[in-house]
């Protein structure tokens with residue numbers, strides 16, 4: 001699964017290392033931290049695993065444990081590294097506040113939370129349920145992002161600001177989705193029924209709540225603070241409480 005931008009995660013890794021060396025030359029104070037986070041690792045997966053361990057572990061032993069869990073997952077499932085690369089490139093491509101790869105890798109907790117989820121999902125699918133829940137708990141406690149390990153999330157996903165995000169069990173989220181802070185996606189009261197399905201390229205704005213057995217179509221936009229309990233067609237905007245549809249494409253125009 002090669003990225004549409006850089007040819008492979010190896011190319012991406014070389015680009016990150018160049019950025020790290022440039023940053024060190026520009027400000028030597030960053031030397032030790034950049035060495036530990038980037039230059040001391042042999043590949044991109046090692047650097048991502050290090051970030052997961054550093055962010056999810058409170059003590060040194062916990063940090064080592066989470067780092068090793070991530071390394072084991074990346075070794076067994078290289079597609080997780082490819083997904084991590086797509087997510088990182090997606091931030092650089094779509095966040096107007098950033099154009100480089102190094103800053104989101106080191107400083108965006110939403111990026112780390114998403115990669116921690118990918119590891120927990122791999123654990124969940126391999127019937128290591130307790131360990132998967134432990135990783136979810138660490139992300140919830142320390143990163144303020146709680147994504148159930150049973151959820152399904154595509155690539156090039158951006159958790160922007162990444163505070164107060166809750167994604168419940170069996171939620172499905174497509175490629176290229178942006179989720180702002182304080183968003184909740186889940187099955188509704190009591191957790192009954194199917195979870196929401198979020199299509200490709202959807203924007204879930206600040207404070208949005210999406211509940212129940214519903215579908216959000218490709219490239220739909222959910223407004224800030226909206227409460228959505230019914231399907232949103234592709235390309236439409238949903239705003240308000242309860243949400244109402246606006247700016248839907250004409251019926252004869254492809255979404």
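Things to note:
- Rounded to the nearest 0.05, the FRET efficiency derived from the C-beta distance between residue 224 and residue 54 at R0 = 35 Å is 0.65.
- Normalised by the number of residues in region 61-144, the mean separation of alpha-carbon contacts (under 8 Å, six or more apart) gives a relative contact order of 25 percent.
- Take the convex hull of the alpha carbons in region 66-132; its mean projected area over all directions comes to 4.5 nm².
- From most to least packed by mean Cβ count within 10 Å, the peptides 68-77, 25-34 give 68-77, 25-34.
- Extension reserve of the residue 175-residue 11 stretch, reckoned as 0.36 nm per residue once the Cα distance is removed: 56.9 nm
- Relative contact order (percent, whole number), region 128-255, Cα cutoff 8 Å, 6+ residue spacing: 14
- Ranking of 187, 133, 86, 59 by neighbouring Cβ atoms within 10 Å, starting from the fewest: 59, 133, 187, 86.
- Entry for Rg and Dmax of the Cα atoms in Å (calculated from the structure that is shown) out of [x] 17.8, 56; [y] 18.5, 59; [z] 22.5, 95: [y]
- The relative contact order of region 100-159, computed from alpha carbon pairs under 8 Å that lie at least 6 residues apart in sequence, is 35 percent.
- On the principal axes of its alpha-carbon atoms, region 1-75 has extents of 37, 33, 16 Å, going from largest to smallest.
- Between the Cα long axis of helix 60-76 and the first principal axis of the chain there is an angle of about 70°, rounded to the nearest 10.
- On Cα atoms only, tilt of 44-56 relative to the major axis of the chain in degrees: 70
- Between region 35-52 and region 208-230, the C-alpha centres lie 36 angstrom from each other.
- Cα-based helix-to-principal-axis angle, 9-26 vs the chain, degrees rounded to 10: 60
- Largest first, the extents of the alpha carbon coordinates of region 1-144 on the three principal axes equal 44, 34, 28 Å.
- Bridge orientation summary for the chain: considering DSSP beta bridges with both residues in this region, about 10 percent are antiparallel.
- Antiparallel beta bridges, as assigned by DSSP with both residues in region 164-255, represent about 15 percent of the total such bridges.
- Peptides 148-154, 98-104 ordered by average Cβ neighbours within 10 Å, highest first: 148-154, 98-104
- Distance histogram in 10 Å bins (all Cα pairs of region 118-255, percent per bin): 13, 44, 32, 9, 2
Quick note: the coordinates plus some simple rules give every number you see, no bench work behind them. These numbers come from a predicted model, not from an experiment. Don't worry about glycine lacking a Cβ; one is built from the backbone with ideal geometry, like all the others, and counts go over all protein chains shown.
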